[in-house]
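The values are calculated or read from the model by the stated rules, or taken from the named source; none is laboratory data. Here the structure is a predicted model, which means the values were calculated and not measured. Every residue, glycine among them, receives a Cβ derived from its backbone with ideal geometry; neighbour counts consider all protein chains shown. Areas reflect the complete protein model, heavy atoms only, side chains present, ligands, DNA and RNA absent. Shrake-Rupley method; radii C 1.70, N 1.55, O 1.52, S 1.80 Å.
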Amino acid sequence: MNIKHHPDDATILAYAAGAVTEGFSLVLAAHMESCPHCRGRMAEANALGGELLSEMQPAAMSANGLEDVWSRIDSEPDEEIPAATCHVPVDGVPGILIPYLPDGIDSLHWRSLMPGIRQHVINGIESGRGSVRLLSIAPGTIIPHHTHLGGELTLVIKGAYTDEMGCFQSGDLADLDASVSHQPVAESGEPCICLIATDDRLRFSGVFSRMLQPLIGI
Ligand SMILES: [Zn+2]
């Protein structure tokens, strides 16, 4: 798996600190099953986390606080990259997802959202005002232009899509916040299946999409 897109430093640190929703934790854990690079970053963040927290006063955090933390993490000896022993992908599906998909990803009850886009909501996962869902996007389909009121983590399970940030393929993770506006387009070939966690609602740019939003529950 040739992974090119990873979570931001701030997201890794928040995950290490246990400060993300269950939904975000699920997507991050699913990404890390196939990403030794991020397993290594997580191990480093965990190793220094307690020490940093005990030393830092909140008021002393500079504007460059995040970079300071990572430069300190980078100056420490590398932690050994942990193997993904608890969960391993099966046919490209992250192992941590399998309990939520007992009959497999191909037998899910997908609900049509709009032409070319189907969703399956994964219930019972704490997500703030957001949600955890799988989207299946038909090849060539354009998702309406939108921004986010909170954060959105998108992990590509199968297929690929392209947006303003580049091409995202199986294993790639898009880590978006409210400053990002994007319009993903599914690549040709097989449908693009993504695992998406939000911690708040999406904000669509188009009038028609905004009218649809209450109906489709995104
Ligand atoms: Zn990664």
(message) What are the pairs with Cβ atoms under 7 angstrom where one residue, in segment 1-29, is acidic (Asp, Glu) and the other, located anywhere, is open to solvent by 30 Å² or more (accessible area, probe 1.4 Å) and away from the ligand (no atom under 15 Å from the Cβ)? Sequence gap at least six, or different chains.
(response) Asp9/Leu66; Glu22/Glu126
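When you check His5 against the structure, is it loosely packed, with under 14 Cβ neighbours inside 10 Å, within 12 Å of the ligand (Cβ to nearest atom) and modelled with pLDDT of 70 or more, yes or no?
Values: loosely packed, with under 14 Cβ neighbours inside 10 Å: no; within 12 Å of the ligand (Cβ to nearest atom): yes; modelled with pLDDT of 70 or more: yes.
So His5 fails the test.
Which ones in segment 156-183 are assigned to a loop (DSSP other than H, G, I, E, B) and either closer than 13 Å to Asn2 by Cβ or more than 16 Å from the ligand (Cβ to nearest atom) (or both)? Don't jump to the end; show me each part of the working.
First pass over segment 156-183, keeping only residues assigned to a loop (DSSP other than H, G, I, E, B): 159, 164-165, 170-172, 177-181, 183.
If the condition is that a residue be assigned to a loop (DSSP other than H, G, I, E, B) and either closer than 13 Å to Asn2 by Cβ or more than 16 Å from the ligand (Cβ to nearest atom) (or both), then Gly159, Glu164, Ser170, Gly171, Asp172, Asp177, Ala178, Ser179, Val180, Ser181, Gln183 are the ones that fit.
Yes/no per residue for (1) out of contact with any Gly (no Cβ under 8 Å at 6 or more places or on another chain); (2) open to solvent by less than 60 Å² (accessible area, probe 1.4 Å); (3) modelled with pLDDT of 95 or more:
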| site | (1), (2), (3) |
| --- | --- |
| Ile117 | yes, yes, no |
| His146 | yes, yes, no |
| Leu149 | yes, no, no |
| Phe168 | yes, yes, yes |
| Pro184 | yes, yes, no |
| Glu190 | no, no, no |
| Pro214 | yes, no, no |
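Would you confirm whether or not segment 42-53 contains a residue that is within 11 Å of the ligand (Cβ to nearest atom), open to solvent by less than 30 Å² (accessible area, probe 1.4 Å) and at pLDDT below 95? Talk me through it step by step, then tell me what you get.
Residues of segment 42-53 that are within 11 Å of the ligand (Cβ to nearest atom), as a first pass: 42.
Restricting the remaining residues to those that are open to solvent by less than 30 Å² (accessible area, probe 1.4 Å) gives 42.
Filter again for at pLDDT below 95, leaving 42.
There is at least one residue in segment 42-53 that is within 11 Å of the ligand (Cβ to nearest atom), open to solvent by less than 30 Å² (accessible area, probe 1.4 Å) and at pLDDT below 95.
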(message) Pull out all pairs, ordered by first then second residue, where Cβ-Cβ is under 9 Å, the residues are six or more apart or on different chains, the first lies in segment 104-122 and is closer than 10 Å to Leu134 by Cα, and the second is part of a helix (DSSP H, G or I) and open to solvent by less than 70 Å² (accessible area, probe 1.4 Å).
(response) Ile105/Leu97; Gln119/Ile216; His120/Ile105; Ile122/Gly23; Ile122/Leu26; Ile122/Leu97
(message) Among the residues of segment 13-41, what is the count of those that are open to solvent by 30 Å² or more (accessible area, probe 1.4 Å), touching a Leu at 6+ places or on another chain (Cβ under 8 Å), away from the ligand (no atom under 13 Å from the Cβ) and assigned to a helix (DSSP H, G or I)?
(response) 1
